[in-house]
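Down below is the structure, laid out as structure tokens.
The values are calculated or read from the model by the stated rules, or taken from the named source; none is laboratory data. All values reported here derive from a predicted model rather than from experimental measurement. We place every Cβ from the backbone using ideal geometry, glycine too, and count neighbours over all the protein chains shown.
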Amino acid sequence: MKAIVCTICILGLAAGAVAAEQEIMPLSELRIGMTGVGKTIVAGEEITEFAAEILGVIDQPGEEGDFIVVRVSGAAIGRAGGIAQGMSGSPIYVDGKLIGALSRAATWSKELMPVGLVTPIEPMLAVLEAADAASSSAAAEALLDAPVLLSVASPLGLAFSSGIPGAIVSAPLAAPVLCSGLSARATASLMGTGAIDRPGGLFGDYVTLWSAATEPLRMSGLTRFGLSLSPLAAAPSATYGDPQGFVPGGSMGIALATGDVTIGALGTVTYRDGDLLLGFGHPFLSNGSSQFPLTAVQIFETMKAYDASFKLGSLGRSLGTVLEDRVAAVAARVGSQPPMVALTVAAALEDSPESPERTFSVALVQESRLLPELLFAAGVATIDEALGRIGQGTVEVTFTLDGDGMPRPVTRRDVFLSAVDIAAYPPWQLAEIAAYFEYNPFVDPGLHTISMTLSLTQEVRAIQISHLELDQLIYAPGDTVHYSLELQTYRGERRFAEGDFQIPTDLYTDTISVRAYGGPRLRTAGELPRKISSIEDMIDLVEALPSYDVLTVELFALDLLAPYAEAWVGIDAIEVPLDGYVVYDHSEVVAYLFEQE
């Protein structure tokens, strides 16, 4: 049966939008036994062809659940060891007409003519239209109200109905993540497969850093997006790439970080029309409307592997912007560059003043879900490189963050120590701060500049609260409470501190306590979080929270009217800086309050 000739014009693009010359063959015209060709790069810059035979058509309600089942063969498939990671997006043609993009495969299959799934071109063209209309995010979202796609390996590598309305189960052809410039454990942490202990809760919860609409920071790595790490990755080239190199069957890259650290993935271009591109045939992160760098890709070879063959390559320079990351495809525009977050991390060793300062300069994508993960990995990598080891130490750090929606930059200083692994603490707190502002309920912060400056030493600069004592255990309203503290530095001398609190004359309670602790503390049962009503309040909060080298002595009173068994409320506090010594342990003394007759 002769195929009906269709063009992108059937999508109803507005005047002045993209006009296509490539003919397409719709899903309804495909028949079992039809043969065609696919295009991809196996090595170098040469686009090679392979044969494709249609075995079946999966036509579900709507378009997002549709697939074309094909068997592929030829020298390119043989050299690649089957359908390889990085081939996703490879265009498939029947009678010279584009039918879709190779997107899924039975990765365990090592047949000479393996089976794969092709995403039909129709839903991919909807993604292209959304990218063309990207200036109106509402219009783009309306175009792409798609059902869920479940990515689960099937025994035969074929798609089949899951029994869930609007869902398809298939074996996806993943886009392997390429990482360069990160230490091995920083890379593993980025993917969520590493053994770095992530501290969490470095701010305590005396003042909540999250609104009721958000969850605490729980970073689990890029594997939660269905991504896998490429077994091999070459160093990127900042000069490699030509905008004219984005052609059907050629390679395309998506970057999450560029500069001294490069993180991204590669796939294949399915279709180009003017400065607009379609590729992958499946989502990258399922991010929806996006602002990711579109990069050139240099392919060195396609590596055969038993579990999944993959393309060995590197990302080149940024040549445009990925605007849509959807179930059916990713779409990009060549030329325009996305906004990025300029991250600088500088680390110096106090123990070796002659050693050069280590500095990372990295551009990160402006994506709230990804920014904490990227900041943590880059921070760990910098500290690992500066120290040249993994282990104990003390670090003094200063963070600065600024953005288009910020009334002023936010700056915070803190000090951390660890007897096991000092590298985790500063980048985790930076990730917490960035997430705090990214998910604030007031304004889009538009973060564009983040810096972290570290001063590291192998010395454990710790000071322990060893004893707290009050001058008496019974007071009356209006009395003065005098406290004495004994402190012990780590393998060093003892120190002493003392001070006074004035008990309010109108305090209604029968029990008070004095507590000594370091850094932020947990909120008590009787306290409410500090009220935050603006982005300015948020900045003040982050800057005012005590650092871990601040000793705080605080007077509490038991609230007899609170609906809790023990509801302690802070009355007054004295903060004492301890010159870069991290305070650990805590101490408390309870006293009683009686009215004088």
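Residues are listed down the side, and each one gets a yes or a no for (1) closer than 25 Å to THR187 by Cβ; (2) assigned by TED's automatic domain parsing to the domain that holds ALA378; (3) buried (at least 23 other Cβ atoms within 10 Å of the Cβ); (4) in contact (Cβ under 8 Å) with a residue 40 or more places away in the chain:
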{"site": "ASP421", "(1), (2), (3), (4)": "yes, yes, no, yes"}
{"site": "TRP428", "(1), (2), (3), (4)": "yes, yes, yes, yes"}
{"site": "TYR436", "(1), (2), (3), (4)": "no, yes, yes, yes"}
{"site": "ASN440", "(1), (2), (3), (4)": "no, yes, no, yes"}
{"site": "PRO445", "(1), (2), (3), (4)": "no, yes, yes, yes"}
{"site": "HIS448", "(1), (2), (3), (4)": "no, yes, no, yes"}
{"site": "THR453", "(1), (2), (3), (4)": "yes, yes, no, yes"}
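In the set ILE390, ILE383, which member is within 23 Å of the chain's Cα centre (by Cα), closer than 27 Å to TYR581 by Cβ, at pLDDT below 95 and not assigned by TED's automatic domain parsing to the domain that holds TYR581?
Going through ILE390, ILE383 in turn, just one is within 23 Å of the chain's Cα centre (by Cα), closer than 27 Å to TYR581 by Cβ, at pLDDT below 95 and not assigned by TED's automatic domain parsing to the domain that holds TYR581: ILE383.
From the list VAL341, VAL345, exactly one residue is within 23 Å of GLY194 (Cα to Cα) and either of a type in the set (Phe, Trp, Tyr) or part of a strand (DSSP E or B) (or both). Which is it?
VAL345
Any idea which of (1) touching an Asp or Glu at 6+ places or on another chain (Cβ under 6 Å); (2) loosely packed, with under 12 Cβ neighbours inside 10 Å; (3) among the hydroxyl-bearing types (Ser, Thr, Tyr) is the one THR505 doesn't satisfy?
Going through the list (1) touching an Asp or Glu at 6+ places or on another chain (Cβ under 6 Å); (2) loosely packed, with under 12 Cβ neighbours inside 10 Å; (3) among the hydroxyl-bearing types (Ser, Thr, Tyr), THR505 breaks only (1).
Hey, can you tell me all the residues within segment 64-85 that are of a type in the set (Gly, Ala, Ser) and in a strand (DSSP E or B)?
SER73
Based on this model, can you work out whether ALA133 counts as at pLDDT 85 or above and outside the structural domain of ARG272 (by TED's automatic domain parsing)?
Taking the combined requirement at face value, the residue satisfies it.
Please verify whether THR398 is part of a strand (DSSP E or B), modelled with pLDDT of 90 or more, of a type in the set (Val, Ile, Thr) and not assigned by TED's automatic domain parsing to the domain that holds GLY519, treating the condition exactly as stated.
Answer is yes for this residue.
Inside segment 427-523, counting only strands (runs of 3 or more DSSP E) that do not spill past its ends, which hold 2 or more residues that are hydroxyl-bearing (Ser, Thr, Tyr) and under 19 Å from GLY570 (Cα atoms)?
Here the list reads 480-489, 511-518.
Residues are listed down the side, and each one gets a yes or a no for (1) more than 11 Å from GLY313 (Cβ to Cβ); (2) in contact with a helix residue (DSSP H, G or I) (Cβ under 9 Å, 6 or more places away or on another chain); (3) surrounded by fewer than 19 Cβ atoms within 10 Å (Cβ to Cβ):
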residue	(1), (2), (3)
PRO243	yes, no, yes
SER251	no, yes, no
LEU256	yes, yes, no
ASP260	yes, yes, no
ALA265	no, no, no
ASP275	yes, yes, yes
GLY281	yes, yes, no
LEU285	yes, yes, no
GLN298	no, no, no
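Can you tell me which of SER88, SER103 is in a strand (DSSP E or B), under 20 Å from ILE254 (Cα atoms) and not assigned by TED's automatic domain parsing to the domain that holds HIS282?
SER103
Tell me, yes or no, whether segment 80-96 has at least one residue that is in contact with a Gly (Cβ under 8 Å, 6 or more places away or on another chain) and surrounded by fewer than 20 Cβ atoms within 10 Å (Cβ to Cβ).
yes
Among the residues of segment 496-511, is there at least one that is aliphatic (A, V, I, L, M), under 47 Å from the mean Cα position of the chain (by Cα), assigned by TED's automatic domain parsing to the domain that holds ALA567 and closer than 21 Å to ASP549 by Cα?
For segment 496-511, residues aliphatic (A, V, I, L, M), under 47 Å from the mean Cα position of the chain (by Cα), assigned by TED's automatic domain parsing to the domain that holds ALA567 and closer than 21 Å to ASP549 by Cα: present.
Of (1) in contact (Cβ under 8 Å) with a residue 24 or more places away in the chain; (2) in a loop (DSSP other than H, G, I, E, B), PRO356 satisfies all except one. Which?
If we test PRO356 against (1) in contact (Cβ under 8 Å) with a residue 24 or more places away in the chain; (2) in a loop (DSSP other than H, G, I, E, B), just (1) comes out false.
Going through segment 176-197 one residue at a time, which ones are surrounded by fewer than 17 Cβ atoms within 10 Å (Cβ to Cβ) and modelled with pLDDT under 75?
Passing the criteria: ALA195, ASP197.
Of all residues in segment 66-79 being surrounded by fewer than 24 Cβ atoms within 10 Å (Cβ to Cβ) and in contact (Cβ under 8 Å) with a residue 60 or more places away in the chain, which is nearest to LEU117 (Cα to Cα)?
Ranking the candidates gives VAL69 first.
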